[in-house]
Structure formats: structure tokens, C-alpha cells
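Novice: Here you go, one structure.
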Amino acid sequence: MSTKNTIDSLGTLVRLRSTKVEQLQADMAAQHATKARYQANLARLDSLAAGSGASGALPLALALNCGQYKLAVIALADNHRTDLSLHEATMAVSQRALNDAWSERELLGQVLEQKKGVAELARNRTERKREDDLATQSWLAGRK
């Protein structure tokens, strides 16, 4: 494979990895938004449970209704906390995938830059040799 083909292929790989990193970043942003919604819902549920008042001071039917309401809200909040914990675990896995993709993209970018540097050195070396040959021919032509 020629140097140009290698550089072109590496450039394509870097672009593909960059796209993958951008997609993973967008996914992480969506997951952060979901986490924020979970947290906001939990805060609202906690305030609803606290704001329903003391059920012991009410008549029996209202106290029973208020107690069931509080239990339902607390159970819902508990389910939300469990879902949030699972979501945070998923976020940790996604963050690791993002870190891996970013590292891979950076590594490929470094290899690409190295290959470009080697190709530029070879091009400069060839150009200098050509100029030296022309100068030598010119000098020899002037001596005759």
C-alpha cells in the first residue's frame, strides 16, 4: 500500500472515529438530561410526600386515604430511585465506551500525523535531491 493510500485510509478512519465519538457524546448528553429528569421527579415526589401533611390528625377515612397516598408516592419515589441507579450504571458503561472511542480516535490521529510527517520528510528529501542534482548539472555545465 502506498504512503498516500495509507494516509487517506487513516484519514478516513479518523473521520469515522470522530463521528463515533460525536454520536457517543450526543448519547451521553441525552443520558445526562434523563438523569436530570429523574432527579427533578424525585425532588417533586419527595415534596409531594412531605406536603401531604400529617395523617394522624385527620378523621379515620381521610387519614386512611392520606396514608395510602403517601405510601403510593413513597413507593413511586423508591421505584424512581431504583431506575435512577440503573440509569447511572448505564451512564458509566456509556462513559467508558466514550473514553475508549476518544482514545482510539486520538491514537489514530497521532498515527495519521506521524505518517503525514514521514511522507513530508520523504517529499522534502526527494525535492532536495532533485535540486542538488540540478545544481550539480548546472555547475558541471559551467565548467565545460
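The values are calculated or read from the model by the stated rules, or taken from the named source; none is laboratory data. Here the structure is a predicted model, which is why all the values come from computation and not from measurement. The protein model used for the area step is the full one, side chains on, heavy atoms only, and it has no ligands, DNA or RNA in it. Shrake-Rupley method; radii C 1.70, N 1.55, O 1.52, S 1.80 Å.
Novice: Running a GNM on the chain with Cα contacts under 10 Å, which residue among Gln25, Gln114, Gln68 ends up with the highest mean-square fluctuation?
Specialist: For the chain, modelled as a Gaussian network with Cα springs under 10 Å, the answer is Gln68.
Novice: Okay, next question. Under 19 Å from the Cα of Lys70, which aspartates and glutamates turn up, not counting those fewer than eight places away in the same chain?
Specialist: The qualifying aspartates and glutamates are Asp46, Asp78.
Novice: Taking 8 Å as the Cα distance limit and 6 or more residues as the minimum spacing, I'd like the relative contact order of the chain as a percentage.
Specialist: RCO, the chain: 42 percent.
Novice: Give the angle, between 0 and 90 degrees and rounded to the nearest 10, that separates the Cα long axis of helix 60-143 from the longest principal axis of the Cα atoms of the chain.
Specialist: So the inclination is approximately 0 degrees.
Novice: In a GNM of the chain with a 10 Å cut-off on Cα contacts, which of Asp27, Asp132, Asp100 has the highest mean-square fluctuation?
Specialist: Checking each option, the largest mean-square fluctuation is seen for Asp132.
Novice: Show which lysines lie in cross-link reach of Lys115 when reach means a straight Cα distance below 17 angstrom and same-chain residues fewer than eight apart are skipped.
Specialist: Lys4
Novice: Send over a whole-number figure in Å² for the accessible area per residue of region 1-124, probe 1.4 Å.
Specialist: Working: 8250 Å² over 124 residues.
Here the residues of region 1-124 average 67 Å² of exposed surface.
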